[in-house]
Amino acid sequence: MDRNDLHTKVTMAFRARFLREPELVIRAPGRINLIGEHTDYNEGFVLPVAVDRAAWLAAGLRQAPEAVVRALDMGGDEIIFPVNRTAASAGGWGDYPRAIVWAFLERGLQPAGLEAVLASDVPVGAGMSSSAAVEMAFAYAWNVFSLFDLPRAELALLGQRAENAYVGVNCGIMDQMISACGQAGHAMLLDTRTLEYSYIPLPKDIAIIVADSRVRRSLAGSEYNVRRAQCEQAVRLLREAGLEPVLALRDVTLKQLLDHAGNLSPVVLQRARHVVTENARVHATVAALQRGDLETVGALMKEGHLSLRDDYEVSAPELDLLVETAWDVPGCYGARLTGAGFGGCTIALAQAQAVEELSSRLIARYTETFEREPAVYVVHPANGVAAQ
Ligand code: GLA
């Protein structure tokens, strides 16, 4: 079902490199997020969808306590590093498997030696969780080969820990959880405080169209960590102002926030307002999906985009143009940026028969304005990480 030619590609490359059959071929998906942006590190709610773009890993055990990994894209280079101690960061894609080993070791678990070939069709740095996909592919491989038997949610937490502490991006848990636990045909409503989740069926006759602006901005050391710090500051200030019990912005209602507006700086208030209203939009979107009210889903996506643009200030002119173009196309319910922002992708939700018109308008307007083409394609809700 989710197999594609990357399965063949990594298998053949594994044979050529290691002169045997891989013991496992693993697929770990990227994701889009329908709504619930920048809520996960505020212990709030998210509604992501695992998609049919994925990292693929052909893998086998290696006797020596080391990992030999070849990447077919991303420069096609090969790395070797020890698995019985922490390998120093060397940047690039290789830091994800190194980080996963580090995180297993930190938990007192000794990963087995590994040989592997990696390929991915999740666009890198585009807000579709290419890194979480790579992390989950390796975490899954080591979980099987080392007989750890950790449940999927634990692999997700391990990936997040690896990314926070080893790679240095202070991300939340959304991307790893959806790559680990996604379900074909469904979005996942995730409570990022408790990690409880439920699957929300998506109508079969709607299309999710991704428009990749091809604007890239690395998350590490960027505005992402600044936003996170501003949210933490909001929580501190609200508590100092006597609002209890507030452990995270998840616990704050819009009324409470507005009642305490004077305690926050204008920027911190804006950031908090986005998070508080976005959490409400996640619940409203789920309710609308459950009653088949796609018009309302689309309106909420639009509100969410405006909030990310104006209050959270993580959009970009390229993303604004793509969503504004989509909003005007008949048969398109709604559109918004997806992922962290600062570049990357937008998503649109549309009737299947509107896809062609929508794609050509997105390409035409974007190319005319920015003199380069966006990548526009339909994605399908897929399963979480698994051996294929
Ligand atoms: C990135 C992070 C996620 C989440 C989103 C924004 O994808 O990895 O944890 O914070 O940004 O919603």
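The table that follows gives values for the structure above.
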quantity	calculated
Residue match in region 91-98 (condition: in a helix (DSSP H, G or I), away from the ligand (no atom under 16 Å from the Cβ) and within 23 Å of Y166 (Cβ to Cβ))	yes
Filtered residues of region 188-231 (kept if among the acidic types (D, E), over 19 Å from G334 (Cα atoms) and not in a helix (DSSP H, G or I))	D191, E196
Condition broken by L238, with the remaining ones in (1) within 21 Å of G304 (Cα to Cα); (2) assigned by TED's automatic domain parsing to the domain that holds A335 satisfied	(1)
Within region 155-172, considering residues that are aliphatic (A, V, I, L, M) and at pLDDT below 95, the one nearest to the ligand (Cβ to nearest atom)	V169
Region 173-195, residues that are surrounded by fewer than 22 Cβ atoms within 10 Å (Cβ to Cβ) and touching a residue at least 24 places away in the same chain (Cβ under 8 Å)	Q183, A184, G185, H186, L189, D191, R193, L195
Residues (crowded, with 17+ Cβ neighbours inside 10 Å and not aliphatic (A, V, I, L, M)) located in region 239-262	R250, D251, H260
Residue list for region 156-187, restricted to those being more than 23 Å from G125 (Cβ to Cβ) and either assigned to a helix (DSSP H, G or I) or among the aliphatic types (A, V, I, L, M) (or both)	L157, C181, A184, A187
L300 vs. criteria under 24 Å from the mean Cα position of the chain (by Cα), surrounded by fewer than 19 Cβ atoms within 10 Å (Cβ to Cβ) and assigned to a helix (DSSP H, G or I)	no
Single residue of region 1-51 satisfying the filter (polar (S, T, N, Q) and in a helix (DSSP H, G or I)) that is farthest from L337 (Cα to Cα)	T11
Selection count where residues are more than 14 Å from the ligand (Cβ to nearest atom) and of a type in the set (V, I, T), scope region 182-204	2
Which listed residue is under 22 Å from R27 (Cβ atoms) and either in contact with a helix residue (DSSP H, G or I) (Cβ under 9 Å, 6 or more places away or on another chain) or not assigned by TED's automatic domain parsing to the domain that holds G125 (or both), from C181, C231	C181
S179 vs. criteria modelled with pLDDT of 95 or more, on the phi > 0 side of the Ramachandran plot and within 13 Å of the ligand (Cβ to nearest atom)	no
Qualifying residue in region 360-374 (condition: buried (at least 21 other Cβ atoms within 10 Å of the Cβ), within 16 Å of the ligand (Cβ to nearest atom), more than 22 Å from L190 (Cβ to Cβ) and in contact (Cβ under 8 Å) with a residue 24 or more places away in the chain)	no
Enumeration of residues in region 17-69 that are farther than 17 Å from V117 by Cα, without any contact (Cβ under 8 Å) to a residue 60 or more places away in the chain and either within 15 Å of the ligand (Cβ to nearest atom) or crowded, with 23+ Cβ neighbours inside 10 Å (or both)	none
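The values are calculated or read from the model by the stated rules, or taken from the named source; none is laboratory data. The model shown is predicted, which means the values in this text are computed figures rather than measured ones. Cβ: placed from backbone, ideal geometry, glycine included. Neighbour counts: every protein chain shown.
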